[in-house]
Amino acid sequence: MLKNLVISFLSKQRKKAIEKWSRTPIQSQDKILKSLIKTAKKTLFGKDHNFSKIKTYEDYKKNIPIVDYEGIKKYINKIIAGEKDVLWPGRPKYFAITSGTTSGAKYIPITTQSIPNLMGGAKDALLMYIANTGNTSVLSGKHLFLQGSPVLDRIGGIKTGRLSGISAHHYPFFLNLTKRPSYKTNCIADWEEKVGKIVEETVSEDMRILSGIPSWLQMYFEKLQERESKPIGKIFKNFKLLIYGGVSYRPYKNKFDKLIGRKIDSVEVYPASEGFFAFQDRQESNDLLLLLNSGIFYEFISERDYLNNKQNRISLKDVEQEVNYVLIISTNAGLWGYNTGDTIMFTSKKPYRIVVTGRIKQFLSAFGEHVIVNDVEKAIEEACSKTKIIINEFTVAPKFGSGSEKSCHEWFIDFEIEPRSLEKFAKVLDIRLQSQNKYYKDLIKGNVINSLKIKRVLNNGFNIYMKSIGKLGGQNKIPKLSNDRTIADRLYKLNLVKNP
């Protein structure tokens, strides 16, 4: 088939191009930094931060502070007010809107120059998969991307929406005719109604690629299975590839294995409103190739330094493996020294590959343990694997002791297959968490806190919770860790926690 020959050729060409820059990573990053500074020299931000005097990375660090959204908000407000050449030459083509904890809605600029990175990363991930496996048949049928509405608003004259909705307007040409859902269905605002309609549109189709955030793919799979009473792998006999991102797949793997009912290939991607950072470039390993030639300059602060208020930032050439870093970016969308809030760890330096370990603001250290997302996801993955238990979703919060009762971690879990003994499962999980985090282990062994406790959440309870706060669907995710009891208290308030 001519289409398959063309796709095969394109995939091999892209693989060669990716391997070329991955062999010269430091040079690629140096070139990007110089290009970013040169291009934005005459912008308001460039003038405010002496871009004309920046010649080296050391100059860059002296002039560009590390900022979060609050640090660039005054510049965003100027763009919204109609000003040009503020963070980047001209005006952004889009604003990707995200939810902020302190800033309310955040408007992340997307420029004409940054679109190839944001929209091309997933395309490259797919082409690399085809180049490595030779499996062009994945493109012979239909594919699904669970995403936000493509209907865009305007603010300050700039089109605004969720990143996944914006991306619907920039589909690769070779996927455009086979994508699902339809535009009309994609515009449905209510998430549960939308997923139900997607089931109707796809259940009789030859679906070969399914993609989205794992928690929302799970909802889609469950509705399909409820309708057809058989595994997804039998509903879609030619289903070949699962593409996922946004949250770790580890807690969902056992559930997905059961829902799908047979082995399929998968590719993890690492997109964000601020940029497309990495993708899984090989089937034999789950780490991700960091994209170093697509308009983003990366910096890193070790988690330890960050938590000690030390902004000892380094560039790619100085990173070490097995160190947890906060990811800092400067981009051709006009973000400068921007703290993404994500934490990553390098697994390889030839080429540079990473795993995403969590969010720097999403941790649990109410008692000095500093447990991160990666710790709890690994612990529950290992505990479920050892005990053959399957979960749908979970979150963890501190439980503060009173009187003679000691404090502990309280895990809220929606079980697909419940353990015969909740106490035994809790013990296995606690041992696994201790093996992941020595500080937590010291607190347990030192009798400072008690072993973790588990509370069972009603089936579908987390979706009910998300709906209650207006965040069901789209790019929204359940936080895996909290340093307070905001989520825990609301689960109790909504009567979503089962009695013992």
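The values are calculated or read from the model by the stated rules, or taken from the named source; none is laboratory data. None of these values were measured; they are calculated from a predicted model. Don't worry about glycine lacking a Cβ; one is built from the backbone with ideal geometry, like all the others, and counts go over all protein chains shown. For the accessible areas, the whole protein counts, side chains as well, though only heavy atoms, and no ligand, DNA or RNA atoms are used. Shrake-Rupley method; radii C 1.70, N 1.55, O 1.52, S 1.80 Å.
Here the chain is assigned +1 on the Cβ of each Lys and Arg and -1 on the Cβ of each Asp and Glu. Its dipole about the Cα centre then comes out at about 860 debye. In this structure the range 196-236 gives 38 Å² per residue of accessible area when probed at 1.4 Å with all protein chains present. Over all directions, the projected convex hull of the C-alpha atoms in the range 55-204 averages 12.5 nm² in area.
Summing Cβ point charges (Lys, Arg +1; Asp, Glu -1) relative to the Cα centre of the range 164-293 gives a dipole of roughly 440 debye. Taking the square roots of five times each eigenvalue of the Cα gyration tensor of the range 256-320, the equivalent ellipsoid has semi-axes of 31, 15, 12 Å, listed largest first. Only Cα pairs under 8 Å and 6+ residues apart enter the sum, and on that basis the relative contact order of the chain stands at 13 percent. Using Cβ point charges alone (K and R +1, D and E -1), the dipole size of the range 434-500 about the Cα centre works out to roughly 120 debye. For the range 307-350, what does the alpha-carbon gyration tensor say about shape, rounded, prolate or oblate, given a ≥ b ≥ c as the root eigenvalues, a/c under 1.5 as rounded, and a/b over b/c as prolate? Judged from the Cα gyration tensor, the range 307-350 comes out oblate (a/c at least 1.5, b/c at or above a/b). Centre-to-centre, using Cα atoms only, the range 466-487 and the range 46-91 are separated by 32 Å. Using the alpha-carbon positions of the range 276-431, Rg (one decimal) and Dmax (whole number) come out as 18.6, 57 Å.
Report the percentage of all Cα-Cα pairs in the range 10-66 whose separation exceeds 12 Å, rounded to a whole percent. Counting every Cα pair in the range 10-66, those more than 12 Å apart make up 70 percent.
Both the radius of gyration and Dmax for the range 308-386 are 14.6, 47 Å, in that order, over alpha-carbon atoms.
Note on the range 96-175: with neighbouring protein chains present and a 1.4 Å probe, carbon and sulfur make up 52 percent of its accessible heavy-atom surface. Shape class of the range 352-470 from the Cα gyration tensor (axes a ≥ b ≥ c, square roots of the eigenvalues): rounded, since a/c falls below 1.5. With both residues required to sit in the chain, DSSP beta bridges show an antiparallel share near 65%.
Keeping every protein chain present and rolling a 1.4 Å probe, give me the accessible area per residue for the range 27-131 in Å². With all protein chains present, the range 27-131 gives 47 Å² per residue.
Ordered by solvent-accessible area of protein heavy atoms (1.4 Å probe), largest first, the residues THR331, THR98 come out as THR98, THR331. Taking the empirical scaling 2.2 N^0.38 Å for compact globular proteins as reference, the range 410-452 has a Cα radius of gyration ratio of 1.25.
From most to least packed by mean Cβ count within 10 Å, the peptides 46-54, 241-249, 449-457 give 241-249, 449-457, 46-54.
Quick one: plug the Kirkwood hydrodynamic radius of the range 352-395 (C-alpha pairs) into Stokes-Einstein at 20 °C, 1.002 mPa s, and report D in µm²/s.
D = 178 µm²/s.
Compactness of the chain is given as radius of gyration and Dmax, 23.0, 74 Å, from Cα positions.
If you take the alpha carbon atoms of the range 147-207 and fit the smallest convex hull around them, that volume is 85 Å³ per residue. Over the range 1-104, the fraction of Cα-Cα pairs per 10 Å bin, rounded to whole percents and listed from the shortest bin up, is 12, 29, 27, 21, 10, 1. Which shape class applies to the range 133-246: rounded if a/c is under 1.5, otherwise prolate when a/b exceeds b/c and oblate if not, where a ≥ b ≥ c are the square roots of the Cα gyration tensor eigenvalues? Oblate, because a/c is 1.5 or more while a/b does not exceed b/c. Along the axis of the charge dipole computed for the chain (Cβ charges of +1 for Lys and Arg, -1 for Asp and Glu, origin at the Cα centre), the listed residues GLY295, GLY446, THR185 are led at the positive end by GLY295.
For the range 241-256 versus the range 441-459, the spacing of their alpha-carbon centroids is 26 Å.
Over the chain, dividing the summed -39,500 (n - 2.57) contributions of all DSSP H runs of at least 4 residues by the number of residues returns a 222 nm mean residue ellipticity of -11000 deg cm²/dmol.
Counting every pair of alpha carbons in the range 405-500, the share spaced more than 19 Å apart comes to 48 percent.
Ranked by solvent-accessible area (1.4 Å probe, protein heavy atoms only, all chains present), the residues MET219, MET345 order from largest to smallest as MET345, MET219.
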